[in-house]
Structures are given as C-alpha cells and as structure tokens.
1. Once amide H atoms are built 1.01 Å from N in the peptide plane, which residues 5 or more positions from A:VAL540, or in another chain, come under 5 Å H to H?
2. What is the set of long-range amide H partners of A:ARG63 at a cut-off below 5 Å, with H atoms built 1.01 Å from backbone N?
3. How big is the charge dipole of chain A about its Cα centre, in debye rounded to the nearest 20, if each Lys and Arg gets +1 on its Cβ and each Asp and Glu gets -1 on its Cβ?
4. Could you check the spin-label model distance between A:ASP17 and A:SER124? Points 7 Å from the Cα along Cα→Cβ, value in nm.
5. Find the relative contact order for chain A and round it to a whole percent, using C-alpha pairs within less than 8 Å whose residues are 6+ positions apart.
6. How large is ³J(HN,Hα) for each residue in region A:6-15, as worked out from phi by the Karplus curve 6.51 cos²θ - 1.76 cosθ + 1.60 (θ = phi - 60°), to whole Hz, x for Gly and Pro?
7. Once you wrap a convex hull around the alpha carbon atoms of region A:341-455, what is its projected area averaged over all directions, in nm²?
8. For region A:459-495 and region A:271-331, compute the distance between their C-alpha centroids and round to whole Å.
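Here, each number is a calculation from the coordinates, and none is a lab measurement. What you are looking at is a predicted structure, and each value in this text was computed from that prediction instead of being measured. As a convention, Cβ positions derive from the backbone with ideal geometry for all residues, glycine included, and neighbour counts pool all protein chains shown.
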Amino acid sequence: MAEEKGPNFLEEIVDRDLKAGKYQEIITRFPPEPNGYLHIGHAKSICLNFGLAKDFNGSTNLRFDDTNPVTEETEYVDSIKYDVRWLGFEWANERYASDYFDQLFEFAVRLIEKGLAYVDDSTSDQIAEQKGTPTKPGVNGPFRDRSVEENLQLFSEMKDGKYKDGSKVLRAKIDMAHTNMLMRDPVLYRIKHAHHHRTGDKWCVYPMYDFAHGQSDSIEGVTHSICTLEFVPHRELYDWLINSLEIFPSRQYEFARLNMTYTMMSKRKLLQLVNEKIVSGWDDPRMPTISGIRRRGFTPESIRDFCERIGVAKRDNMIDFGLLEFCGRDHLNKIALRRMVVMDPIKVVITNYPEGKTEQLPSENNPEDESTGSREIPFGNALYIERDDFMENPPKKYFRLSLGGMVRLKSAYIIKCEEVIKDSDGRVTELRCVYFPESKSGSDTSGLSVKGVIHWVSVAHAVEAEVRLYDRLFNTEDMGAIEDDFKNHLNSESLKIQKAWVEPEFRNAKADDRFQFMRTGYFCLDKESTPDKLVFNRTVTLRDMWAKEQKKG
RNA sequence: UGCCCGAUGGUGUAACUGGCAACACGCUUGAUUUUGAUUCAAGAAAGUCUAGGUUCGAGCCCUAGUCGGGCAACCA
C-alpha cells in the first residue's frame, strides 16, 4: 500500500471542524445519478467520501440523485450498489432524492411564500435569452413580479398536472444581473409527465439538481458535501438556498476529478460505446467502468490503493494509466497463482527422453506466499514452448533458447537445442533437443549453469483455452482535449483473442482465482468461461525489461 | 471582455502552516533470482509560472501580470 502522505485539504478541513467542535460527527454522502454505470473516476469519489468518514469515525450515505426520470433506471441503481460494495464500502443509509419529493415541494412553497421564487411561463429559449451571457447581464422577464398568491396557485396547478411539459417552471428570484450565471433566477422545478423509477406516476413536477442536492444534504445532516470542481459556481446557489430555507447548513467542498491517459470518462460517451456495440457492454474489460475493471481482473484492493496514491487536490490532473497497471500488478503479485501457459507454441521434441513416459514435477504456486503450496506438472518428451523463447541466431544479450544453446525449462530440466525443423516457408515448426537427466529441478547435480529459464507445457497433457488480450481502448493520450468524434481515436488493437495451451491444473480453476501466467501477465477467468472452454482475460502484462531492451535496438 | 477556480521534477501528491523542496509512479545503472517477474541498492530529474514587495529568512504572506480550467441544459 501507499506510503503515508500528508493530509489532503479535505482531511484538513474535517480535522479542523471536528477539533473546533463544529460537529460531533461528520456525515458524507456518495450521490450518483442512476443513469449509467460507475467508472474509475467515481471510485475516486467513493474512496474519498467513504474513506473520509471512516477515518474520522463518521458515516456515509449512499444517495441516488434521481431527479430526472427520463434518464434513470433501476438497473443502474443495482449496479451502483454492487460496485460500491465490491470496492469494500458499506453505507449507513440508502437514500434517494426522490424520498424527499414531498419535503422538497414543501421547501419550494416556503420559498414562494417568502417572495423568493416565482412561476415563469416563458419558453426555455426565452429564459436563455433573458439570462444574458457571462459578460452580459440578464434582464428581468415579464412573469417575475407575480404575486405570492398567484405563484402559489400556479405552482400547485403545475403539480396537479394542469400544464404541459415545458410550459411553466418555478424559478428562484435572485438577481438577473448577477455575475454568477447560476444566480440569475435559476430554474428550481420543471414539468415532466414521466414515469419515475421509484415514485411511479405520483409526480409530474421534478426538482432540478440545484434544488434537490443541497436540500437532500441538509435533510440528511450531511456535514461535508464533497463534489467535483465543475460545481464550484453552484456553491453560491447551494448556500443561498440553505440560507433562504433556514435549514441545516451542509457545506459543499470541491476537488478535481480524475483524468487518466488514454481513457474517456464521459458517461454519455461510454453509453454510446455500449449502445453502438463498440464494446460488449458496460462491463467490457476495456471499459473504465468499475464493472469493466472488475471483469478485467483488477482487485478492489488495487483500486483502493490507486485512489490513495493519486491523491486529492483542486488542480486539474492527468494520471498515467501506468499507475493503475502498477497497482494492479502490485497486489496480484502477492496473491496470484503461478501457472504455465503457452500462447504461441513451437513444438519441442526431447530426443533422449523416453516416448510415452510421464513425470510429475512439483512447482510452487506462489513464491510470494508459502501457504499456497505447490502443484504437480506433467512432463513428457513432447512440449510446447513460446515461439518468442527461441531464436536461431540470437543477439548478444538474448538468453533464451537458440540453436546449440541451452535453457532451463521452469521446474524441470535443462535442455539443449540440436536441430531446427522448418516448413517450406522457413517458419520453425519443431525443435529437436536433448535434456540432461541430472539437471532436474531441486536435485540438480549437472554442474551446468544457464542464464535463461522458460515456461512450457506438455503436448500430451495441455488443455486448449482462449485468452483475451486487452490494450487501451483509445490511442490518444488526452481524450478530454479532442474536438472531433471520439470514435476516430479508437485503438483497433484493443482486443486480441488467441488460443493458448494451458497446464492441466487449470481444471481446478475457480471464478475468483487470479493467475500469473509465468513470464507473460496476470489473468483471470472470464464470466463466459466454462469447464469445456476456458476463457481468460489478461488483466495486465508483467513488466518486461527484455521488451524494453529490444526497443532500444 | 465579466465572474470563479488553479499553477511545485515527465506524471501525481507532500513540505510540521514563514526555516536546507520530500514521497510514489516512470526513467537509468548495478546486485539477487529456476519468472528478463518480484526483491534490494544506487542515480538522473524541479529551485516551486513571471515581476515586484514584506521579512533575518518566502513554495507558503501581499500586489500586478502570465498561463491553464470552468460558467450562458426545463442534465447532474
């Protein structure tokens, strides 16, 4: 796990508030809108909100911000709850903004009575026009000075379904010339004759974000309402509403959202990838969604570690995708079971090993964890090794198998290649080798020393499987900065499906097992895997100094 | 031509709140290794956006700029 860091600015604020006796106990909330699946950026927010409460002995509510019935669905609610729990967090209360619709309506009435809100019959275009621009003040509309009585009646009629969608809105009465656009009489309620995933057809008026979020925070006694930077200008309105309503003063604090190289976080665009079948679903292992990352094989521990390492601040950031990979490897190294898998085979025949003979050779399951013990691997005279692990004419620093050269077969014997057999195209089809019986792993008396160790699998015992090799979904580093269609930036090589030959021990593989295919990468079983057809997802490759060395040329 | 945020090695985050700029990822080199993994050791890399000011002393405070981001949905 990450080293101790100094406190982030939010921890400082909470610490200060607690020490000053401002609160007995802090309450935070994680407030997703159930209109899509959670992604790694949400994981940052989850770790922050739940982590902060945990560290300071407070509590966290899970609250769905479900104020827009046309985009929200129960499927999303379920996936969000599953993801939060998978990450290792438990909420004190499961709440919905829609739980508060009655109360919120009451708040709106209160505002009208105080002369701080009015019903506006203008069209959205007219409202936008009256609003002005950031550099030009807005102007008052013709409905701004209706009487309290008239507003009360109209708002009540809005609720009763007397008006069509879009024909009227309730707006706060603040200041059309305010330098903050959000304070220019923001819309509080709009009419939507739509079915809501929880309240059904009870309502045809729904509160806007600004009139639901802060009020929900207040109702729940949330002390520290933490959101991302784009809500900074909303804070003034957040406070205005709380003050006008004279309700519990929750406070809003903002942090910079997560950006990651080669990654697109926009929910709308992720939905598009799903709808247009560019990916297999929200949980496609290439997706930055929590469900995708989970299916890819990352552990919740590694995601939490990642969120810890990236830190929390207010400046825009761009996290290297490599950091997530590092966190993935760091944990997987400790828990993954080592296995031998050959993905691009060359057949090796050991000419001095008796045909038909089989030996069972023990090999440790995880050198990082003695308690995982070892397994037996069958060895015979015909093996597969990786095509990459042989070169007829190797460069100086190559220390795998070459013609006339020696390598050790992991957990088995040292072999020497004596003959290369090729097809008519010159492609190597078979290597004929001899082995040294006295070089057996664990009881090597051969006196031979070789630099290279390679993995292998017995032809007679190998099990065929499918491996899915993933790479970044996009090949543009900063997907937030593109101006053209994001589909122009898709990486055509983000998924490669291959056959592989795996050791027979995999017959005992379980869904949650994590594996290290020795010398290649970390893998897990995909949900589509069956006992008859094993399917593996590559979570992340191993670090590869040799590949780096080769690139240098 | 407004208002609001922000600015520290390549990246991210720190700096006991005014006292020799640190940690992690990445990078380089070496050791160990029956995974070119892991582990271990060493190293390169910023003088803190700029210019002034306050101070014995400024990354931290003040002033003015510069640059980057956000704000004109009946989305959240």
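1. For A:VAL540, the qualifying residues are A:TYR522.
2. It is A:PHE30, A:ARG95, by chain and number.
3. Taking the Cα centre of chain A as origin, the dipole is about 1100 debye.
4. So the label points at A:ASP17 and A:SER124 sit 3.4 nm apart.
5. Computed over chain A, the figure is 11 percent.
6. x, x, 7, 5, 6, 4, 5, 5, 4, 4
7. The number I arrive at for region A:341-455 is 8.2 nm².
8. 14 Å
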